[in-house]
Amino acid sequence: MDLQTIWFLAIAVLWTGYFVLEGFDFGVGMLLPVIGRDDTDRRVMINSIGPVWDGNEVWLITAIGATFAAFPAWYGSMLSGFYLPFLAIVLALIVRGVAFEYRGKVDDDRWRRRWDVAIVVGSTVPALAWGLIFADLLRGLPMGPNHVVDAGLADMLNPYALLGALVTGSLFLLHGAVFLSLKTDGPVRVLARAVALRAAIVAVPALVGFLGWTLAHRPAGWTLPVAVVAVVALVTGAGLAGRGREGWGFASTAVSVLGTSVVIFGSMFPVLIPSTTDPALSLTVAGAASGPYTLEVMSWIALVLLPFVIGYQAWSYWVFRRRVTRAHIAPAH
C-alpha cells in the first residue's frame with residue numbers, strides 16, 4: 001500500500017471520527033427546543049456535551065488540515081465548488097461556539113432564547129451541509145482541465161444531494177437523542193428516548209435510500225455488507241434506547257454513522273471527484289496527492305502526535321462519563 005492510499009485512509013478515519021463524535025452534539029443542539037421544556041432541562045442538555053463539543057471539532061480541523069497537506073488539488077477543487085456551503089458551515093460553527101459560552105452570561109430569558117436559537121441554527125446548518133457536500137462529491141460535478149469546479153446551486157441542490165443532507169441531519173439527530181438518553185436522567189432522558197424512536201421513522205428510510213442510491217451510482221462490492229450493517233445498527237440503536245439500553249443503543253448508532261462514512265469514502269476511492277463534463281477530467285487519488293517527501297514527513301508527524309490527541313480525548317470522555325441531571329444544575333444568577 002503506497003503513501004497516497006494510506007493518507008486517503010487516514011483522512012477517511014479523521015472524517016469518520018468527526019461524524020461519529022460531532023454528530024451526536026449536533027443532534028443535541030438541534031433537539032434543544034424539542035426536549036428542553038424549560039431552561040433547566042436545556043442547561044442539562046448543554047452540560048451533557050459541554051466538556052466534549054469543542055474537542056470533537058478537533059477532528060474536523062485535523063481532517064481539513066490533512067486534506068490540504070496530503071491532497072492539495074482535492075482541497076482546492078472542493079473549495080472552488082463549495083465555497084458558499086463551506087462558508088455557511090464555518091459561520092454556523094462560530095455562532096454555535098459563541099452561543100455555548102455567552103448563553104449564561106446574562107440572567108434574562110430573552111437573552112437565553114436568542115442564544116438557544118443560535119445553537120439550533122449552528123447545529124442544523126453543518127449537519128445538513130456535510131451531507132449535501134459529500135453526496136455531491138460522490139455524484140460528480142462539472143470540472144475543467146485545471147480541476148476547478150464550476151457548479152451552481154442547480155448543480156449542488158440535486159435530489160441525491162438533498163437526500164444526503166436529509167440523511168446526515170436525521171442520522172445526527174437520532175444519534176444525539178440516543179446520546180442524551182445515555183448521558184442524562186430525569187425528564188430529558190425520558191423525552192430523548194421517545195424522540196429517538198420518532199427520529200428513526202425518518203432516518204432509517206432515508207439511510208436505506210441514500211446507501212442504495214450510492215451503491216447503484218458508485219458500485220463497490222465490498223461496501224454492500226457495510227451498508228447493511230449501518231442500517232441494521234441504526235434500527236437496533238433506536239430500539240435499544242427506547243427499551244432503556246442506552247449504552248448499547250449509543251454504540252449501535254455510532255456504528256451506523258461509522259458504516260455510512262465507510263460506504264461514502266469506500267465509494268469515493270480512487271476517483272475523488274468525478275467530472276460530469278468529461279470523465280477524463282475526473283480528480284483521482286493519484287492526481288490529487290502531494291509528493292512522496294511531503295507524505296513521508298506527514299506520516300512521521302502523525303505517528304508521534306496522533307496517540308496524544310486520541311489519549312487526551314479518551315481521558316476527557318472518561319472523566320465526564322456520569323449522567324447529568326437537574327440536581328446538578330445550579331440556580332441562575
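The values are calculated or read from the model by the stated rules, or taken from the named source; none is laboratory data. Quick caveat, the model's predicted, so the values are computed rather than measured. Every residue, glycine as well, gets a Cβ built from its backbone with ideal geometry; the counts of neighbours run over all protein chains shown. For accessibility, only protein heavy atoms count, side chains too; no ligands or nucleic acids. Shrake-Rupley method; radii C 1.70, N 1.55, O 1.52, S 1.80 Å.
Evaluated at q = 0.08, 0.13 Å⁻¹, a Debye calculation over the C-alpha positions of the stretch 145-300 (equal weights, vacuum) places log10 I(q)/I(0) at -0.32, -0.72.
The Cβ shell under 14 Å around Pro279 holds other residues with a net charge of +1, Lys and Arg each +1, Asp and Glu each -1. A simple spin-label model places the labels of Arg243 and Ala280 5.8 nm from each other, with each point 7 Å out along Cα-to-Cβ.
Looking at the stretch 235-315, the accessible area is 51 square angstrom per residue; that uses a 1.4 Å probe and ignores ligands, DNA and RNA.
Relative protection proxy for 111-118, 315-322, from highest mean packing down: 111-118, 315-322 (other beta-carbon atoms within 10 angstrom). Ordering 145-155, 13-23, 93-103 by mean Cβ neighbour count within 10 Å, with the highest value first, yields 13-23, 93-103, 145-155. Among the trypsin sites (Lys or Arg not before Pro) in the stretch 29-90, those located in a DSSP loop and surrounded by at most 15 other Cβ atoms within 10 Å of their own Cβ are Arg37. Over the chain, dividing the summed -39,500 (n - 2.57) contributions of all DSSP H runs of at least 4 residues by the number of residues returns a 222 nm mean residue ellipticity of -26000 deg cm²/dmol.
Subtracting the Cα-Cα distance of Phe308 and Phe86 from their residue separation scaled by 0.36 nm leaves 77.1 nm.
The stretch between Ile329 and Trp315, if pulled fully straight at 0.36 nm per residue, gains 2.7 nm over its current Cα-Cα span. Peptide packing for 161-172, 48-59 was compared via the average number of neighbouring C-beta atoms within 10 Å per residue; ordered from the highest value, the list is 161-172, 48-59. The accessible surface of the chain, taken with every protein chain in place and a 1.4 Å probe, is 71 percent carbon and sulfur.
Spin-label model, His217 to Glu296: label points 7 Å out along the Cα-to-beta-carbon direction sit 3.9 nm apart.
Stretched out straight at 0.36 nm per residue, the stretch from Leu157 to Val106 would grow longer than its current Cα-Cα span by 14.4 nm. Above 24 Å lies some portion of the pair distances; for the chain, what is it as a whole percent of all C-alpha pairs? Taking all Cα-Cα pairs of the chain, the fraction more than 24 Å apart is 55 percent. Using only Cα atoms and rounding to the nearest 10 degrees, what angle (0 to 90) does helix 159-183 make with the longest principal axis of the chain? Computed tilt is about 40 degrees. Taken about its Cα centre, the chain carries a charge dipole of roughly 1200 debye when the Cβ of each Lys and Arg holds +1 and the Cβ of each Asp and Glu holds -1.
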